[in-house]
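*Asks:* My structure is below; once you've seen it, I'll send some questions.
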Amino acid sequence: MNITELIRETTTGEIIKGFSKLDKEQKIELVSRYFDDPGRAAEIIKQYWHPDSEKQKLFEEFSENTISNFFFPYGIAPNFIINGNNYMVPMVIEESSVVAAASSSAKFWAERGGFHAKVISTTKTGQVHFTWNGSYRKLKEAFPELKQRLFERTADITHNMRRRGGGIIDIELVNKTHAIEDYYQLKATFNTVDSMGANFINSCLEEFAAELKNFILADERFEEKEVEIIMAILSNYSPECVVKTHVECDVSDLDDGRLNMTTDEFAWKFEKGVQIANIDQYRAVTHNKGIFNGIDAVALATGNDFRAIEASGHAFASRQGQYKGLTELSLENGRFHYSLTIPLSMGTVGGLTSLHPLAKLSLELLGEPSAREMMMIASSVGLANNFSAVRSLVTTGIQQGHMKMHLLNILNIFQASEEEKEHAVEYFKDKKVSFKKVSDFIAESRR
Ligand code: MEV
């Protein structure tokens with residue numbers, strides 16, 4: 001195929017037709033034309049291919065139009081004691097300090113009884129959204145029959161899930177005509193056991209939609225035959241798939257030798273930090289972002305859908321009508337009791353969990369957890385990261401630790417040699433790191 005022929009000039013710029021049909025080399029050739037130095041661009045793109053073409057192919061099959069791989073660091077946070085079990089937790093994240101913060105918090109709490117986690121519920125939801133101009137009363141009366149038909153129609157799809165202890169829990173008819181004219185939902189709840197279950201739920205919902213249409217068309221009780229299916233899709237909001245995790249110790253036991261203030265003063269400031277996240281949206285979002293630093297990193301490392309988890313978590317944070325921090329602190333009777341309650345729809349079978357070689361390895365490292373165990377691990381890491389962040393914020397400030405971690409990134413910007421890095425790390429051991437200071441240090445040492 002002649003690549004140039006694919007590019008069409010339009011009034012709004014260039015449009016490429018049929019990009020997906022090009023082979024990988026052709027795609028790279030075309031993309032490289034958009035750089036000042038096409039040869040260099042193509043070289044960088046190819047540098048990150050897996051040397052084993054079979055392994056590379058596996059990655060290309062995950063997503064469309066793949067031309068290379070985008071590396072993220074795969075790190076380990078050891079010493080996570082969760083309900084008495086010791087985990088080494090894999091984390092995939094590009095931001096410096098996050099793995100260090102999780103590790104430091106894990107070690108801190110390992111010496112104080114570890115994390116205590118409990119899955120509250122694991123129910124997921126899906127909806128068929130439809131419009132219909134018929135009698136709600138008649139549909140409501142006939143709904144038990146329709147529901148039976150919906151269960152029967154999906155019996156093949158749910159067979160394996162039912163064998164594993166899951167399946168469709170319930171289906172309701174929801175009248176939404178007060179909000180949008182003629183609008184109804186079939187709202188179904190599911191137990192997807194150890195899988196995240198998106199495909200399973202969506203397959204069931206599409207069958208429900210087809211059966212709903214048939215049912216109304218064939219049933220003489222309904223004069224209005226025209227059902228318009230708007231969409232059939234799972235909901236990523238999972239307020240009934242929730243885990244609660246906490247850490248606790250005596251307030252007097254909060255000092256690990258680095259607090260530089262009394263434990264009472266620390267607990268007081270920490271409490272204020274948590275309260276502020278409860279009443280101020282600007283702070284709440286950042287507070288929760290710190291939680292998702294840990295959760296997303298574990299989700300990525302284990303092949304879970306971090307976008308779904310984040311979307312649900314933020315909606316859950318607004319469930320009382322105002323966006324709030326997801327953690328709670330109690331200081332009763334001299335005990336520091338800090339908890340996180342969060343919806344986490346995670347899977348440990350199916351999808352990327354078994355396809356991505358490193359996701360698979362992560363699950364092996366975690367001891368092949370069930371989805372429930374996975375929820376407890378991820379929420380513990382989220383709480384650990386948040387505890388570390390708030391602890392730094394109310395004591396030394398975040399920049400001290402963060403910039404130390406960031407030092408290597410700054411040094412890499414200056415293409416520092418291993419020797420220069422060693423000297424810089426030694427030099428900045430007891431000094432504040434800033435971009436300017438590192439730049440001066442490098443300039444001075446190269447003079
Ligand atoms: C940085 O990635 C996360 C923090 O901003 C979280 C927080 O402020 O709680 C440190």
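The values are calculated or read from the model by the stated rules, or taken from the named source; none is laboratory data. All of these numbers come straight from a predicted model, not from anything done at the bench. Cβ coordinates were reconstructed from backbone atoms using ideal geometry, including for glycine residues, and neighbour counts include every protein chain displayed. What goes into the accessible areas is simple: the full protein's heavy atoms, side chains included, and nothing from ligands, DNA or RNA. Shrake-Rupley method; radii C 1.70, N 1.55, O 1.52, S 1.80 Å.
*Asks:* Does I81 satisfy the condition of being aliphatic (A, V, I, L, M), in the same structural domain as F306 (by TED's automatic domain parsing), away from the ligand (no atom under 16 Å from the Cβ) and surrounded by fewer than 21 Cβ atoms within 10 Å (Cβ to Cβ)?
*Replies:* Details: aliphatic (A, V, I, L, M): yes; in the same structural domain as F306 (by TED's automatic domain parsing): yes; away from the ligand (no atom under 16 Å from the Cβ): yes; surrounded by fewer than 21 Cβ atoms within 10 Å (Cβ to Cβ): yes.
Yes.
*Asks:* Looking at P369 and the list (1) within 16 Å of the ligand (Cβ to nearest atom); (2) in contact with a strand residue (DSSP E or B) (Cβ under 9 Å, 6 or more places away or on another chain), which single condition is not satisfied?
*Replies:* Result: P369 fails condition (1) only.
*Asks:* If you don't mind, there's one more thing I want to ask. Just the residues that are at pLDDT 95 or above and crowded, with 18+ Cβ neighbours inside 10 Å, please, taken from segment 339-361.
*Replies:* Across segment 339-361, the qualifying residues are S339, L340, I342, P343, L344, S345, M346, G347, T348, H356, A359.
*Asks:* Out of E248, E328, I need the residue that is in the same structural domain as L365 (by TED's automatic domain parsing) and either open to solvent by 70 Å² or more (accessible area, probe 1.4 Å) or within 16 Å of the ligand (Cβ to nearest atom) (or both). Which one?
*Replies:* Within the list E248, E328, the selection yields E328.
*Asks:* Taking K21, is it loosely packed, with under 13 Cβ neighbours inside 10 Å, farther than 30 Å from F292 by Cβ and touching a residue at least 12 places away in the same chain (Cβ under 8 Å)?
*Replies:* Here the answer is yes, as K21 does meet what is asked.
*Asks:* Do you know which residues across segment 419-439 are of a type in the set (F, W, Y) and either more than 13 Å from H406 (Cα to Cα) or more than 34 Å from the chain's Cα centre (by Cα) (or both)?
*Replies:* Y427, F428
*Asks:* Between F441, F336, F387, which is in contact with a Cys (Cβ under 8 Å, 6 or more places away or on another chain) and crowded, with 16+ Cβ neighbours inside 10 Å?
*Replies:* Exactly one of F441, F336, F387 is in contact with a Cys (Cβ under 8 Å, 6 or more places away or on another chain) and crowded, with 16+ Cβ neighbours inside 10 Å, namely F336.
To keep it simple, each residue is scored yes or no on (1) at pLDDT below 90; (2) in contact with a Gly (Cβ under 9 Å, 6 or more places away or on another chain).
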position: A371; (1), (2): no, yes
position: M374; (1), (2): no, yes
position: G382; (1), (2): no, yes
position: T396; (1), (2): yes, no
position: Q400; (1), (2): yes, no
position: K404; (1), (2): yes, no
position: L407; (1), (2): yes, no
position: N412; (1), (2): no, no
position: E418; (1), (2): no, no
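*Asks:* Working carefully through the options R137, R149, find the one that is open to solvent by 60 Å² or more (accessible area, probe 1.4 Å), touching a residue at least 60 places away in the same chain (Cβ under 8 Å) and either of a type in the set (S, T, N, Q) or assigned by TED's automatic domain parsing to the domain that holds N214 (or both).
*Replies:* R149
*Asks:* Counting just the residues of segment 251-275 that are in contact with a helix residue (DSSP H, G or I) (Cβ under 7 Å, 6 or more places away or on another chain) and open to solvent by 80 Å² or more (accessible area, probe 1.4 Å), which one comes out farthest from M374 (Cα to Cα)?
*Replies:* Checked segment 251-275; the qualifying residue farthest from M374 (Cα to Cα) is D264.
*Asks:* Among the residues in segment 312-323, are any free of Cβ contacts under 8 Å to residues at least 60 places away in the same chain, open to solvent by 10 Å² or more (accessible area, probe 1.4 Å) and within 16 Å of the ligand (Cβ to nearest atom)?
*Replies:* Yes, there is a match, as at least one residue in segment 312-323 is free of Cβ contacts under 8 Å to residues at least 60 places away in the same chain, open to solvent by 10 Å² or more (accessible area, probe 1.4 Å) and within 16 Å of the ligand (Cβ to nearest atom).
*Asks:* Shifting gears a bit: For segment 292-305, state whether one or more residues are modelled with pLDDT of 95 or more, open to solvent by 10 Å² or more (accessible area, probe 1.4 Å) and within 13 Å of the ligand (Cβ to nearest atom). First the steps, then the outcome.
*Replies:* To start, the set of residues in segment 292-305 that are modelled with pLDDT of 95 or more comprises 292-305.
Add one more test, that the residue is open to solvent by 10 Å² or more (accessible area, probe 1.4 Å), and what stays is 293, 296, 300, 303-305.
Narrowing further to those that are within 13 Å of the ligand (Cβ to nearest atom): 293, 296.
For segment 292-305, residues modelled with pLDDT of 95 or more, open to solvent by 10 Å² or more (accessible area, probe 1.4 Å) and within 13 Å of the ligand (Cβ to nearest atom): present.
*Asks:* For L259, only one of the following conditions fails: (1) outside the structural domain of W132 (by TED's automatic domain parsing); (2) among the hydrophobic types (A, V, I, L, M, F, W, C); (3) modelled with pLDDT of 95 or more. What is its number?
*Replies:* Unmet condition: (3).
*Asks:* Restricting to segment 179-220, name every residue that is in a strand (DSSP E or B), open to solvent by less than 20 Å² (accessible area, probe 1.4 Å) and of a type outside the set (S, T, N, Q).
*Replies:* Result: Y184, L186, A188, F190.
*Asks:* For E9, all conditions in the list (1) exposed (fewer than 15 other Cβ atoms within 10 Å of the Cβ); (2) among the charged types (D, E, K, R); (3) closer than 27 Å to E364 by Cβ hold save one; what is the number of the exception?
*Replies:* Status for E9: all satisfied but (3).
*Asks:* Here is a list: R112, R162. Which entry is surrounded by 13 or more Cβ atoms within 10 Å (Cβ to Cβ) and in the same structural domain as E206 (by TED's automatic domain parsing)?
*Replies:* The unique qualifying residue is R162.
*Asks:* So which residues in segment 392-432 are closer than 12 Å to S97 by Cβ and either crowded, with 16+ Cβ neighbours inside 10 Å or of a type in the set (A, V, I, L, M) (or both)?
*Replies:* Result: S392, I398, G401, H402, M403, K404, M405, H406, L407, L408.
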